[in-house]
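The values are calculated or read from the model by the stated rules, or taken from the named source; none is laboratory data. Quick caveat: nothing in here was measured; it's all calculated off a predicted structure. In this analysis, Cβ positions are derived from the backbone assuming ideal geometry, glycine residues included, and neighbour counts consider all displayed protein chains. Just so you know, the surface numbers come from the protein's heavy atoms only, side chains and all, with ligands and any DNA or RNA stripped out. Shrake-Rupley method; radii C 1.70, N 1.55, O 1.52, S 1.80 Å.
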Amino acid sequence: MINASHLTKEFGPIKAVSDLTFSVNKGEILGFLGPNGAGKTTTMRILAGIFPPTRGSVMIAGFDVLENSMEIRKRIGYLPEQFPIYPELTVTEYLAMVASIWDFDRKKRDEQVKDVLEKCGLRSEQNSLLRRLSRGYRQRVGLAQALVHDPEVLILDEPTVGLDPKQIREIRELIKSFQGQKTVILSTHILPEVSMTCQRVLIINQGKVVAEGTPESLTRQIESGAHVQIQAQGPPEDIVRTLSAVPGVLEIKMVKSSDGREGTFLIQTKESVDVRPQIAQAIVENHWGLLTMQLQYLSLEDIFVKLVTKEESE
Amino acid sequence: MKIFPLLNKELKIAFSSATAYVTFTVFLLIVGYLFVGQSLMLAKESFAYGATGTSVMDAIFRVLFHDAAVILLFLTPAMTMRLLAEEKRAGTLELLLTYPLNDLEIILAKFCSAFASVVIFLLPTILYSIFIQRFAPIEWSVLATQYLGILLLCGSYIAVGLWASHLTDNQIVAATLTIGILLGLWLIAWIGQSSPLASWSVVLGQLSILNHFDSFSKGVLNTSDITFYLLLILFFLYVTLKGLESRSWWGRSE
């Protein structure tokens, strides 16, 4: 449904997105995960046709975003980050304005507005001024304006940001209910959010894809392969040689040594093998001193730790 | 046409803020004050010297429309500053650009909404002519020309204001820039009258936005003056459209 290839967007000297390639299948919910400033919003703005990419192309539903912008706009619903409002309008006035832009006749328009008010739980607030709405309700109005023309594709930029846990759950349920009917691409910087709502995840950082897969496979990847860092007393060469022979160890590197008697070593292990007991045993058998031993995750987890703020438990 | 939902929205927003009502009140107070003053002056003169042959069109309305033109030069920027600057600041423009609207429709809706506001401002002034008609004959064709002139003039003010509003996301900057440009377009004729530039005075006078209003205020329909205003409006709408289409105003904001 969505095919982005080699997307690059430069703002002067800054590369916000560089050579990003991905695709989303029909009816799929894709999570776009990355820290703030990773290029998520820029990518979504390109998809929504707000500005063109510097290089690369986007096809949505078979239309090119540059050449058939109008056709694409008819097929997408876009919720920008921090949904902007016209504070002077009421919820119904606003949604009716958006709906009339979609060329519905009056009757159809009123039906669509009513329908979307119902879907997004806005019935009780339909006559409130937008500026009087709480953040959660504003976000629902944002979703409502993206849904009012019943688009095939939804582009949601941080749909749950700034909401309380109850509102987050409601919005997530709403998004999940689109699975199979609409193609959804949503961005977030919260890891559990994607595992709860998305079928596939794309992790991006500094404008590049760093990992891709189902939430389950990514989680497995993170928890398996790891580094073990040890600090031991003994002749470094002997330690390296002995520990290389331990089954499950792929590589061992000395990171730091002090006067040839003590050193810090980084041991890379095979996926899903915990070698810590064997390492400890080998050191004790050789009568060296084991000072510290620590399990360190592989680069993917490094990425997560650096890039992705863990959501506080609800 | 998809302009109407947008136009409807613009007018709703314009008349839900204090700006429109304050501008409206200030305009009517000043114009009303000038109207009363001008009428009293004429009454006193005719009482002292008898009927002098000066028509009310010359003595009252011509002066009044000239004053209104200057007052509106300062007041229309208050109506236009919001148009694009505020949508840019709030981020609502980003959303508008994802709807199936082309940029021309957005610009025309903005222009028409400001123009409609000005028409609403001017409507009550029709009462002046109805009032005067009880004492002296009104030349309705002259009055119609005067109204046409002021509408064209205000259209130019609005086009300049809309252009200034698309440059920035700050309403004050937009308003100040608009007033600056309009004052410049007014006073440009004055420098032409100074001696070193005397040979240019005709050209510079032709550029002056208020000089072209003279014929209208006298009740004379002059094609070149109408063309001047229409060209000015089209020019500023065109550069606004090009500016909006280029999206170059879009900074990185993430």
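For the reader, a short list of remarks on this structure follows.
- Between 0 and 90 degrees, the angle of helix B:171-192 with respect to the longest Cα principal axis of chain B falls at about 50 degrees.
- Estimated at the nearest 10 Å², the accessible area of B:ASP214 is 60 Å² with a 1.4 Å probe.
- CD proxy at 222 nm, helix term only [per DSSP H run n ≥ 4: -39500 (n - 2.57); per residue of chain B; nearest 500]: -25000 deg cm²/dmol
- The portion of the accessible surface of the protein assembly as shown made up by carbon and sulfur, rounded to a whole percent, is 57 (1.4 Å probe; DNA, RNA and ligands excluded).
- Within the shell defined by Cβ-Cβ distances under 11 Å, the residues around B:HIS66 carry a net charge of 0, with Lys and Arg each +1 and Asp and Glu each -1.
- Angle between chain A longest axis and helix A:165-176 axis [Cα atoms, degrees, rounded to 10]: 80
- Taking all protein chains into account, the per residue accessible area for the stretch B:1-136 stands at 44 Å² (1.4 Å probe).
- Exposed-site-free run, longest, chain B (rule: trypsin sites (Lys or Arg not before Pro); DSSP loop; at most 16 other C-beta within 10 Å): B:1-133
- Shape call, the stretch B:8-67: gyration tensor on alpha carbons, a/c limit 1.5: prolate
- Where Rh is the Kirkwood radius over Cα pairs, Rg/Rh for the protein assembly as shown: 1.19
- The stretch B:213-239 versus the stretch B:15-31: alpha-carbon centroid distance in Å: 26
- Among residues other than A:ASP19 with Cβ under 10 Å from its Cβ, the summed charge is +3 (Lys and Arg +1, Asp and Glu -1).
- Anisotropy class of the stretch B:91-194 from Cα gyration tensor, a/c 1.5 cut: oblate
- Total formal charge among the other residues, if their Cβ is under 13 angstrom from that of A:LEU290, Lys/Arg +1 and Asp/Glu -1: -1
- log₁₀ of I(q)/I(0) at q = 0.18 Å⁻¹ - the stretch B:4-247, Debye sum with one point per alpha carbon: -1.35
- Shape of the stretch B:152-254, Cα gyration tensor, a/c cut at 1.5: prolate
- For trypsin sites (Lys or Arg not before Pro), the sites in the stretch A:1-62 that DSSP calls loop and that have at most 13 other Cβ atoms within 10 Å are A:LYS26.
- Within the protein assembly as shown, percent of DSSP bridges classed antiparallel, to nearest 5: 70
- Interface residues, the stretch B:86-117 - accessible area loss of 20 Å² or more versus chain alone, probe 1.4 Å: B:ALA90, B:THR92, B:GLU94, B:LEU95, B:LEU97, B:THR98, B:TYR99, B:PRO100, B:LEU101
- Over 28 Å between alpha carbons, listed pairs A:LYS182/B:LYS2; A:LYS9/B:LYS88; A:LYS40/A:LYS176; A:LYS108/B:LYS110; A:LYS107/B:LYS242; A:LYS208/B:LYS242: A:LYS107/B:LYS242; A:LYS208/B:LYS242
- Area accessible to solvent at A:HIS149, 1.4 Å probe radius, in Å²: 20
- Qualifying aspartates and glutamates (Cα of each under 12 Å from Cα of A:LYS26; at least 8 residues distant if same chain): A:GLU152
- Cleavage-rule hits, GluC sites (Glu not before Pro), the stretch A:26-78, DSSP coil, Cβ neighbours within 10 Å at most 16: A:GLU67
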